[in-house]
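Working notes, structure below.
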Amino acid sequence: VQLQASGGGLVEAGNSLRLSCTASGRTFSNYAVAWFRRAPGKEREFVSAIRWRAYTTYYADSVKGRFTMSRDNSKNTVYLQMNSLKPEDTALYYCAADLYGSGSEKENQYQYWGQGTQVTVSS
């Protein structure tokens, strides 16, 4: 499956962005999808994930209550709605897919990765 992340940009703190991850090539509904991010000078970290069947979502503590993940299988797309953005949310955001996945926080569970979309939050 090929993944294309989009929707990043430059926003002021407190504002919102919605990221999209669009898949092609396979039955998208069979995949768990996660968002990870890498801030400058830091390792890539888990942000959120959605399971392949139950649509249960998981979030890192740092984004819980501000970010919401959803999916529209008819459009082969997963969304990450990011509200109340903070400067510390500045990072390159990647989406990743895991066949029949449970929504793991571990990068090595994901077989397919998108190219990343940059989110920059100014203070």
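The values are calculated or read from the model by the stated rules, or taken from the named source; none is laboratory data. Nothing here was measured: the structure is a model prediction, and the numbers come from that model. Note that we place each Cβ from the backbone using ideal geometry, even for glycine, and neighbour counts take in every protein chain shown. Calculation scope for accessible area: heavy atoms of the full protein, side chains included, ligands and nucleic acids excluded. Shrake-Rupley method; radii C 1.70, N 1.55, O 1.52, S 1.80 Å.
Quick notes
- Exactly one residue among Val33, Val47 is in a strand (DSSP E or B), more than 17 Å from Gly8 (Cα to Cα) and β-branched (Val, Ile, Thr), and that residue is Val33.
- Filter result (open to solvent by 50 Å² or more (accessible area, probe 1.4 Å) and touching a helix residue (DSSP H, G or I) at 6+ places or on another chain (Cβ under 9 Å)) within the stretch 95-108: Leu99, Tyr100, Ser102
- Neighbours by Cβ (under 8 Å, 6+ apart or cross-chain): first from the stretch 112-123, among the small types (Gly, Ala, Ser); second part of a loop (DSSP other than H, G, I, E, B): Ser122/Ala13; Ser123/Ala13
- When Leu80, Leu19, Leu3, Leu92 are screened for being in a strand (DSSP E or B), open to solvent by 30 Å² or more (accessible area, probe 1.4 Å), modelled with pLDDT of 95 or more and in contact with a strand residue (DSSP E or B) (Cβ under 6 Å, 6 or more places away or on another chain), only Leu92 passes.
- Top-ranked residue of the stretch 50-64 - restricted to ones that are within 10 Å of Ser102 (Cα to Cα) and in a loop (DSSP other than H, G, I, E, B), ranked as most open to solvent (accessible area, probe 1.4 Å): Arg53
- Residues that are open to solvent by 50 Å² or more (accessible area, probe 1.4 Å) and under 17 Å from Trp52 (Cα atoms), drawn from the stretch 109-123: Gln109, Gln111, Tyr112, Trp113
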